[in-house]
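*Asks:* First the structure, then my questions, so here it is.
Taken together, the values in this text are just the output of simple stated rules run on the coordinates, not laboratory data. Predicted model, so just to flag it, every value in this text is computed and none were measured. Using ideal geometry, Cβ is built from the backbone for each residue, glycine included, and neighbour counts are taken over all protein chains shown.
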Amino acid sequence: MTDETQLLAMPAADYMNEAQLAFFQRRLERERETLAAALAETRAIIVDSRGDGDDADLAANEETLSLLLRQADRETRLLRKIAAALQRIESGDYGFCDETGQPIGLKRLLLRPTATLCLEAKERQEQREHHYAKRRSA
């Protein structure tokens, strides 16, 4: 089984070879399982939450419910990204930038296995978002 050190020691010419793809597939599948279990637990808590008590209890319950709903939304979005990453592994597109077609890089994928953009493309995207946010607030 390949670990991160072995992965990073591989030559650049071996980028997204069978061992690397298998490593990321296992990592993504484990993350999907963990996240699905956490999401099921979060959903169960949301369903079981009741609005009993005085006004302070109701307000606290409402705040907790709001936080749980945001958490469930984040978990659901991440599950979709994991499914898309697993699909890219199957199609042979995993590890390559959607914008430039260049390798995303092992270090970036180890930090964010669902990444679809190389670092340079991600920085350009963030600069555009920052620019548009400044224009809207002006």
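*Asks:* Hey, what did region 4-137 get for relative contact order, percent, Cα under 8 Å, at least 6 apart?
*Replies:* Relative contact order comes out at 23 percent.
*Asks:* Name the residue from L119, L79, A59 whose Cα lies farthest towards the positive end of the charge dipole of region 4-137, charges +1 on Cβ of Lys and Arg and -1 on Cβ of Asp and Glu.
*Replies:* It is L119, whose Cα lies furthest towards the positive end.
*Asks:* Now, a different point. Can you sort T42, T34, T76 from fewest to most other Cβ atoms within 10 Å of each residue's own Cβ?
*Replies:* Exposure proxy ranking, most exposed first: T34, T76, T42.
*Asks:* Helix-derived [θ] at 222 nm for the chain: sum -39500 (n - 2.57) over DSSP H runs of at least 4, divide by residue count, nearest 500?
*Replies:* -24500 deg cm²/dmol
*Asks:* Moving on to the next point. Through the Karplus equation 6.51 cos²θ - 1.76 cosθ + 1.60, θ set to phi - 60°, convert the phi angles of region 67-72 into ³J(HN,Hα) values in whole Hz; use x for Gly and Pro.
*Replies:* Listing the rounded values in order: 5, 5, 5, 5, 4, 4 Hz.
*Asks:* Could I ask something else about it? F96's amide H: which non-local residues (gap 5+, or another chain) put their own amide H closer than 5 Å, with H modeled 1.01 Å from N in plane and none for Pro or chain starts?
*Replies:* Placed amide hydrogens put I104 under 5 Å from F96.
*Asks:* What do you get for the angle between helix 18-48 and the principal long axis of the chain? Use alpha-carbon atoms, 0 to 90 degrees, nearest ten.
*Replies:* 0
*Asks:* Using the Karplus curve 6.51 cos²θ - 1.76 cosθ + 1.60 with θ = phi - 60°, work out ³J(HN,Hα) for each residue of region 2-12 in order, rounded to whole Hz, and write x for Gly and Pro.
*Replies:* 7, 10, 4, 5, 5, 4, 5, 7, 5, x, 4
*Asks:* Using only the Cα atoms of the chain, what semi-axes does the equivalent ellipsoid have when each is the square root of 5 times a gyration tensor eigenvalue? Give whole Å, largest first.
*Replies:* The three semi-axes for the chain are 37, 23, 11 Å.
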